[in-house]
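The values are calculated or read from the model by the stated rules, or taken from the named source; none is laboratory data. Just so we're clear, the structure is a prediction, and the values are computed from it rather than from any experiment. Glycine gets a Cβ as well: all are built from the backbone with ideal geometry, and neighbour counts include every protein chain shown.
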Amino acid sequence: MQDRHLFEYAVIRVVPRVEREEFINVGVVLYCSKQKYLKMIYELDHNRLRALSKDIDLEGLEENLRSFQRISEGGNDAGPIGLLDTASRFRWLTATRSTVVQTSKVHPGFCIDGEDTLQRLYEQLVK
């Protein structure tokens, strides 16, 4: 069990009309403290999003998700949140919000490799 590390992840959702509570999974963010790993991947399916909301601002949505990605990567390019430690950035990304881009509750697990686990979760939960 020593080669397996505790990780946490959340599914990234797009909620075009918050009042309707309908959403589409578009990505996953995964954090593993032992591996010093925090990464987010996403992909927008424009047709599926337009099926929920023909008026959705896809350009604005893409920019919001790129901001999420920059924050997960950290650094000056991500603003003040990007300068926080990895755990704090993950907590900020997964905080409850009532906006178009939301995350699921945080779920734990054990992994050997954070990147492989992120890809597997993405395939299972988004694709």
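Here is how the numbers come out for the structure above:
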{"item": "Out of GLU123, GLU115, sole residue that is in a helix (DSSP H, G or I), within 27 Å of PRO16 (Cα to Cα) and either at pLDDT below 95 or acidic (Asp, Glu) (or both)", "result": "GLU123"}
{"item": "Residues located in the stretch 53-66, provided they are assigned to a helix (DSSP H, G or I) and either over 20 Å from the mean Cα position of the chain (by Cα) or not hydrophobic (A, V, I, L, M, F, W, C) (or both)", "result": "GLU59, GLY60, GLU62, GLU63, ASN64, ARG66"}
{"item": "Residues satisfying the stated conditions in the stretch 91-112, i.e. more than 13 Å from GLU21 (Cα to Cα) and without any contact (Cβ under 8 Å) to a residue 24 or more places away in the chain", "result": "ARG91, TRP92, ALA95, THR96"}
{"item": "Unmet criterion (only one of (1) without any contact (Cβ under 8 Å) to a residue 24 or more places away in the chain; (2) closer than 19 Å to GLN124 by Cα; (3) touching an Asp or Glu at 6+ places or on another chain (Cβ under 8 Å)) for ASP45", "result": "(3)"}
{"item": "Qualifying residue in the stretch 46-57 (condition: aliphatic (A, V, I, L, M), at pLDDT 95 or above and out of contact with any Pro (no Cβ under 6 Å at 6 or more places or on another chain))", "result": "no"}
{"item": "Exclusive hit being of a type in the set (Ser, Thr, Tyr), within 19 Å of ARG120 (Cβ to Cβ), touching a strand residue (DSSP E or B) at 6+ places or on another chain (Cβ under 6 Å) and in contact (Cβ under 8 Å) with a residue 24 or more places away in the chain, set TYR31, TYR37", "result": "TYR31"}
{"item": "Selected residue (criterion: surrounded by the most Cβ atoms within 10 Å (Cβ to Cβ)) from residues of the stretch 67-103 that are at pLDDT 95 or above, in a helix (DSSP H, G or I) and charged (D, E, K, R)", "result": "ARG89"}
{"item": "Qualifying residue in the stretch 10-32 (condition: in contact with a Lys or Arg (Cβ under 7 Å, 6 or more places away or on another chain), loosely packed, with under 14 Cβ neighbours inside 10 Å, in a strand (DSSP E or B) and not aliphatic (A, V, I, L, M))", "result": "no"}
{"item": "Some residue of the stretch 67-77 being touching a residue at least 40 places away in the same chain (Cβ under 8 Å) and of a type outside the set (Lys, Arg)", "result": "yes"}
